[in-house]
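First comes the structure, then the notes that go with it.
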Amino acid sequence: MPPSAPAFPPLIGLLGYGPATARALRDLGYLAVPLPTEDLAGVLAACQTLRLSGVLVHPAHEEQMYAAVQPDEAARRAGRVDAVALPLGALAAGPQGTYTLTEALSDAVAATHYAARGASALLIGHGADLAAVMPLTRLGFTQVGFVADSLPAAERLSREVPVGTATYALSRRDPALQTLAERADLIVVTGGTLPAGVLQPYHTLLDLTGRLPLGSATRLELGELPGLRLSQQLLHITGQRLHAGALDQLVQAVQGERG
């Protein structure tokens, strides 16, 4: 978390979020103001001058914001930024961006007590979206497969798992996909559609797209994920840690305005 001296109460900029999110933040003791979505570098400079603590970023603007800030490792891996801290003072650093889904997802899966240790996981996405779920590979899986739009994208990710974890990499079009999927316990989908014949009744499905039919498989529900993610966003923006369970109204407002 970058050092800062936020105003009191903390003043938060909203990029892409509206009145419902502003009201929910006010109920938590924050003040929130909407920001223009053009010329983000200029907008962020003005925000620092006005002593905003940071910016909460709507998913529609995460890639755009990435180009306007100094991203941390999580943001660089995802190519996105969902929260920006604005250090204050004459010698302050520039806007500091992060992407909180990565760690929040790992915490949310751990909170379900899913028995990852010793199991096998298959991660299916486009490429960059798979990078955001890499912390899942630290939960103790003995084998992790990566399926991306291209084989090189999947291979790059397979080289970044913890030592001792067996890996394999495939493209979505690989005819071996269905056979290898049969050996997996957990199927994680981060983007795109689920290739036909992959999901079986004995699988557990973690659908991060929110669009896949369940069928007869068991769905891994991450009810704590939205609150955990917002807690980390607010920590990055304000330096204040709020318990995820205290953010129910903010979760509802944010999800409503994400559409």
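Some points to look at:
- Some residue of the stretch 155-173 being farther than 26 Å from ALA68 by Cα and within 16 Å of the chain's Cα centre (by Cα): no
- Annotation: GLY239 fulfils all but one of (1) on the phi > 0 side of the Ramachandran plot; (2) surrounded by fewer than 17 Cβ atoms within 10 Å (Cβ to Cβ); the unmet one is (2).
- Screening the stretch 65-86 for residues that are open to solvent by 10 Å² or more (accessible area, probe 1.4 Å) and in contact with a strand residue (DSSP E or B) (Cβ under 6 Å, 6 or more places away or on another chain) and picking the one that is nearest to LEU35 (Cα to Cα) gives VAL69.
- Any strands (runs of 3 or more DSSP E) falling wholly within the stretch 92-162 and containing at least 1 residues that are farther than 14 Å from ILE187 by Cα: 96-98
- Only one of ALA253, ALA246 that is surrounded by fewer than 17 Cβ atoms within 10 Å (Cβ to Cβ), of a type in the set (A, V, I, L, M, F, W, C) and out of contact with any strand residue (DSSP E or B) (no Cβ under 7 Å at 6 or more places or on another chain): ALA246
The values are calculated or read from the model by the stated rules, or taken from the named source; none is laboratory data. Note that the structure is a prediction, hence the values are computed from the model and not measured. Every residue, glycine as well, gets a Cβ built from its backbone with ideal geometry; the counts of neighbours run over all protein chains shown. SASA here: full protein model, heavy atoms, side chains in, ligands and nucleic acids out. Shrake-Rupley method; radii C 1.70, N 1.55, O 1.52, S 1.80 Å.
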